[in-house]
1. Between the helical axis of A:33-42 and the dominant principal axis of chain A, each derived from Cα atoms, what acute angle in degrees is found, rounded to the nearest 10?
2. Tell me the angle of helix B:67-80 to the major Cα principal axis of chain B, expressed in degrees between 0 and 90 and rounded to the nearest ten.
3. For chain B, what does the relative contact order come out to in percent, with C-alpha contacts under 8 Å and a separation of six or more?
4. Note the distances from B:GLU139 to each other copy's matching label point, with points 7 Å along the Cα-to-beta-carbon direction, in nm, sorted shortest first.
5. Could you order A:LYS153, B:LYS133 so the one with the most accessible surface comes first? Probe is 1.4 Å.
6. So, in Å, what gap is there between the alpha-carbon centers of the stretch B:66-115 and the stretch A:92-156?
7. Compute the whole-percent fraction of alpha carbon pairs in the stretch B:9-155 spaced more than 23 Å apart.
8. Let me cross-check B:GLU128: its accessible surface, 1.4 Å probe, with only protein heavy atoms counted, in Å² to the nearest 10?
Protein chains: 2
Amino acid sequence: MPASQQHDHNHCITTAMDTARSLCEERGLRMTPVRRRVLELVWQNHKPTGAYDLLAQLTEEGFNSAPPTVYRALDFLLELGVVHRISSLNAFVGCDHPGHEHDTGFFICKECGNATELPASEIKKLHETLLKKFGFSIESSNHELTGLCQNCKATS
Amino acid sequence: MPASQQHDHNHCITTAMDTARSLCEERGLRMTPVRRRVLELVWQNHKPTGAYDLLAQLTEEGFNSAPPTVYRALDFLLELGVVHRISSLNAFVGCDHPGHEHDTGFFICKECGNATELPASEIKKLHETLLKKFGFSIESSNHELTGLCQNCKATS
DNA sequence: CGTAAAATTGCAACATTATAACCTAAGGAC
DNA sequence: GTCCTTAGGTTATAATGTTGCAATTTTACG
């Protein structure tokens, strides 16, 4: 589901929460209230959210939260693979297709702010080329692109 | 000059400084002492350097420096295109081939720490594919890969 | 030259993002 | 229940980056 398009966002959220829950079960990990709520907040939309924004929302909702609370929850969710960090924005965004290790690549629309995950296949292809041509053995990669998404191009 | 290989690093430095100077002349900009020194420090090696590390070195050398001093110099050098920022490391590294706009892509070796710039052609190819397949009009991009460089693979 | 405008730097304070250390509480195993 | 592990609360602090303003230097130009 490209973030740039109209869609039933409730579906995004319930899918993400379901996936996270079953990943936890598989691995014997706990989806606690704070972790669940942080994941829901990250999934409020497809825009990357800062840790302190999340913290403010938690506090409003009555969670007794301080920075470590949020960062610990985010670390857990990153580790679980259901959230990614976008380092050029110091912000976090939900993962479209968790459940298997994959490199992160995002297209961030500077108009609507949505971050859409790039297909792993394209990233993989790039890695193969770089290995073949330059001998780089890539263990992980992070790609952050900005520009206009198809939707915003059409309506501008 | 791939950063991973043995090389005459003085040559890297003098080339970088010369290029920066002529870019300034072309554009009517000033290569002041602080800016020059920051660029030299960034080019001490091929490892990304943090702003506060640069600041510490400047201070040691008797520059009356505070954070804004370094960040302003870095902004200038980034704008000039002779330095790049690696956001996953909050660090800065010299640019191999300044003088024309280009997207940044780095391979960072987790053994030796060197950051080698990826060939613009590969980045461009990726962008074209993403535009064709997904309609993303990419204005800028930042690619940060980690792994083992050819050199470190050989000697480990 | 001399002066005004612009660019650069010095400086102090502050903002934002992230982590450390230590303790308490909750949940599961036996 | 008791022990052990994990999670969260709390305080403080580290690391990175920015704002605003004054002082200085450089440049432009009459």
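1. 40
2. 50
3. Numbers: 202 pairs, mean separation 37.1, N = 156.
Computed value for chain B: 24 percent relative contact order.
4. Nearest to farthest, the other copies are at 3.5 nm.
5. Working: A:LYS153 75, B:LYS133 115 Å².
Ranked list, largest accessible area first: B:LYS133, A:LYS153.
6. Result: 21 Å between the Cα centres.
7. Numbers: 4337 of 10731 pairs.
When every Cα pair of the stretch B:9-155 is considered, 40 percent fall beyond 23 Å.
8. Accessible surface of B:GLU128 is approximately 100 Å².
The values are calculated or read from the model by the stated rules, or taken from the named source; none is laboratory data. Owing to the predicted nature of the structure, the values given are computational and were not obtained by experimental measurement. A quick note on method: Cβ atoms are made from the backbone with ideal geometry, for glycine too, and the neighbour counts reach across all protein chains shown. The area values use the complete protein model at the heavy-atom level, side chains included, leaving out ligands, DNA and RNA. Shrake-Rupley method; radii C 1.70, N 1.55, O 1.52, S 1.80 Å.
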